[in-house]
Amino acid sequence: MTRIISIVNQKGGVGKTTTAVNLGAYLAAAGKNVLLVDVDPQANATSGLGIDHQTLPHGIYEVITGTVPLRQVVLPTSHAGLRVAPATLSLAGASVELVSEPEREFKLHQALLEAVGGYDYILIDCPPSLGLITINGLTAGNEILIPVQAEYYALEGLGQLLHTIQLIRDNLKPNIEVLGAVLTMYDRRNALSTDVMQQLYQYFPNRIFRSVIPRAVHLAEAPSYGQSILGYRPLSKGARAYERLAREVIGTEK
Ligand code: ATP
Ligand code: MG
């Protein structure tokens, strides 16, 4: 069974891409066969894994629009077991172009069908919006992982996100579940108040992952070397946190 996990939060800069890349690296290190699908036109997951998206002939955009099959765009990374379906700049136009297409909410889902079975995990790194690309990212998955930045404004937009997920369940895809929330960029100096934590637990009665990702400079540096934290600083506290998260995620396999 392939687990397809969409990593989503319409709020920008909360650690979606950092989580996608590093969770992917540690799942692969644990022996899983992983595909990271970059559906953000910013292509941060692609470049963060050392791939120059500007020189690529095609990427996930062509896959979504049906002109190139997925297997033709998938690239290896420095981690055995982790491959990436890269984003390129052309993806920026997709949300507009798809609007008039039939089944426009399921383009990514259809494109991924050929890969399902070939991987243990497919992680989808979504852009910071609730637009059509993110809807495609959600309907293509069967589980949703929500990075939540551990700060006072953590709750902002979460209600809207969970409402959107409910709408997708009601109208497009009944069988998607929220795997849980992962707290990112945790800093002891501005730890969340009990109040905010309580509200978070109300939003995520299923699960807030015990592995909290600390704010750690190595995590922010690694992408500029085109490396995951496993490649860049495997002994750092950020690395250990993502290793634990990967173990926790594996522990939720059914
Ligand atoms: P976007 O919404 O733009 O796609 P995102 O949610 O994918 O953003 P990231 O790109 O993962 O967020 O992170 C935002 C910034 O914060 C990046 O510069 C990243 O390197 C940095 N960052 C992410 N997680 C951490 C962390 N735990 N400690 C320190 N810096 C971090
Ligand atoms: Mg991102």
Exercise. Of the conditions (1) free of Cβ contacts under 8 Å to residues at least 40 places away in the same chain; (2) crowded, with 18+ Cβ neighbours inside 10 Å; (3) touching a strand residue (DSSP E or B) at 6+ places or on another chain (Cβ under 6 Å), residue 237 fails just one. Which one is it?
Worked result: (2)
Exercise. Inside the range 1-54, can you point out the residues that are within 11 Å of ligand 2 (Cβ to nearest atom) and of a type in the set (A, V, I, L, M, F, W, C)?
Worked result: 7, 8, 14, 20, 21, 39, 43, 45
Exercise. Of the numbered conditions (1) in contact (Cβ under 8 Å) with a residue 40 or more places away in the chain; (2) farther than 20 Å from residue 127 by Cβ, residue 194 satisfies every one except a single condition; which is it?
Worked result: (1)
Problem set entry | Number of the exception - residue 64 against (1) in contact with a strand residue (DSSP E or B) (Cβ under 8 Å, 6 or more places away or on another chain); (2) of a type outside the set (Ser, Thr, Tyr); (3) crowded, with 24+ Cβ neighbours inside 10 Å | (1)
For this session: Filter the range 21-60 down to residues that are within 16 Å of ligand 1 (Cβ to nearest atom) and either farther than 20 Å from residue 230 by Cα or part of a loop (DSSP other than H, G, I, E, B) (or both), then give me how many there are.
Result: 10
Seminar exercise, completed: Per the list (1) small (Gly, Ala, Ser); (2) more than 16 Å from ligand 2 (Cβ to nearest atom); (3) under 30 Å from residue 210 (Cβ atoms), residue check on residue 66 breaks on (3)
Exercise. Out of all the residues in the range 1-20, which are more than 12 Å from ligand 1 (Cβ to nearest atom) and at pLDDT 95 or above?
Worked result: 2, 3, 4, 5, 6
Exercise. For the range 200-226, what are the residues that are more than 12 Å from ligand 1 (Cβ to nearest atom) and either among the charged types (D, E, K, R) or assigned to a loop (DSSP other than H, G, I, E, B) (or both)?
Worked result: 204, 205, 206, 207, 209, 210, 226
For this session: Using the structure shown, decide if residue 211 is under 30 Å from residue 139 (Cβ atoms), buried (at least 16 other Cβ atoms within 10 Å of the Cβ) and either of a type in the set (Val, Ile, Thr) or touching a Lys or Arg at 6+ places or on another chain (Cβ under 7 Å) (or both).
Result: yes
Problem set entry | In the range 182-199, residue modelled with the lowest pLDDT [restricted to those that are within 13 Å of ligand 1 (Cβ to nearest atom) and in a loop (DSSP other than H, G, I, E, B)] | 187
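The values are calculated or read from the model by the stated rules, or taken from the named source; none is laboratory data. Predicted model only: the values in this text are computed from it and were never measured. For neighbour counting, all protein chains shown are included, and Cβ atoms are generated from backbone atoms with ideal geometry for every residue, glycine included.
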